[in-house]
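Working notes, beginning with the structure itself.
The values are calculated or read from the model by the stated rules, or taken from the named source; none is laboratory data. From a predicted model like this one, the values you see are computed outputs, not experimental measurements. Please note: Cβ atoms are built from the backbone with ideal geometry, for glycine as well, and neighbour counts cover all protein chains shown.
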Amino acid sequence: MAEGYFVFTGRPNSGKSSLIKAITGINVAVGKQPGTTNRIEKYPLSKNLLLIDMPGYGVSLRLSKQGEEDTKDMILDFLKNKSNQIILALHVINTSTYLETETRLAKKGFIPLDIELVHYIKRDLNITCIVAANKIDKERSSIINENLEALKEGLGPTIPVYPVSAKTGDGIGLLKNDIRKRLIEHGYTNPFELVK
């Protein structure tokens with residue numbers, strides 16, 4: 001079997017690394033400040049299956065404008081050049097601030113970055129993509145529900161969205177079951193067997 005990739009994408013501070021740890025148990029670097037992951041990291045999950053932890057896609061307080069553009073290009077180039085090896089992409093969104101961030105960007109004339117990237121992965125590259133709406137523990141339930149509704153509307157009905165909290169573990173079981181099922185369908189019968 002050829003080497004396959006399970007890719008995590010998302011904005012800085014969406015909680016990608018925390019979610020990787022919650023789902024797989026891999027001891028990845030986790031920080032309270034955005035930009036802890038600043039290069040493409042690879043972790044073995046099982047035979048011929050690697051987990052890819054991408055740096056944050058979008059504005060970062062730790063990078064210059066040129067650094068942000070370089071990071072964006074690196075992510076897009078990897079996704080495009082490795083699209084035939086990517087079995088599954090999991091895009092992580094900070095649900096607690098989603099609508100506020102997207103509204104602010106829309107006023108400046110920008111397409112929502114999370115929506116843009118997910119659609120690029122699924123529609124343009126034909127990669128199976130699911131979304132983890134992370135940090136549901138960070139805000140009142142009414143705000144989380146409003147943000148989830150806006151997110152689902154933007155993504156459309158064909159992108160599965162899983163509300164989760166990497167911190168509390170809420171929703172992680174359902175998300176992990178879907179990930180496992182999708183990886184098994186591609187022949188990775190024990191997708192987390194190398195994780196200790």
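Numbers at a glance
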{"item": "Failed item in (1) of a type in the set (Gly, Ala, Ser); (2) within 22 Å of Leu76 (Cα to Cα); (3) surrounded by fewer than 12 Cβ atoms within 10 Å (Cβ to Cβ), with Ser141 passing the rest", "result": "(2)"}
{"item": "Residue pairs meeting the criteria (Cβ under 6 Å; at least 6 apart or on separate chains; first closer than 19 Å to Ala132 by Cβ, in segment 96-111; second among the aliphatic types (A, V, I, L, M) and surrounded by 19 or more Cβ atoms within 10 Å (Cβ to Cβ))", "result": "Tyr98/Leu151"}
{"item": "Listing of helices (runs of 4 or more DSSP H) fully contained in segment 79-196 that carry 2 or more residues being out of contact with any helix residue (DSSP H, G or I) (no Cβ under 7 Å at 6 or more places or on another chain) and more than 22 Å from Phe6 (Cα to Cα)", "result": "98-107, 141-155"}
{"item": "Index of the failed condition, Asp170 passing every other in (1) surrounded by 14 or more Cβ atoms within 10 Å (Cβ to Cβ); (2) modelled with pLDDT of 95 or more", "result": "(1)"}
{"item": "Positions within segment 50-95 being without any contact (Cβ under 8 Å) to a residue 12 or more places away in the chain and buried (at least 16 other Cβ atoms within 10 Å of the Cβ), in sequence order", "result": "Glu68"}
{"item": "Where a residue in segment 172-189 is touching a residue at least 12 places away in the same chain (Cβ under 8 Å) and its partner, wherever it lies, is polar (S, T, N, Q) and not in a loop (DSSP other than H, G, I, E, B), with Cβ under 8 Å and at least six apart", "result": "Tyr188/Ser46"}
{"item": "Pairs where the first residue, in segment 113-129, is within 18 Å of Asn13 (Cβ to Cβ) and in contact (Cβ under 8 Å) with a residue 12 or more places away in the chain and the second is among the charged types (D, E, K, R) and not in a helix (DSSP H, G or I), C-beta under 9 Å, 6+ apart", "result": "Leu113/Arg11; Asp114/Arg11; Leu117/Arg11"}
{"item": "Any chance Tyr98 is aromatic (Phe, Trp, Tyr) and closer than 30 Å to Asn190 by Cβ", "result": "no"}
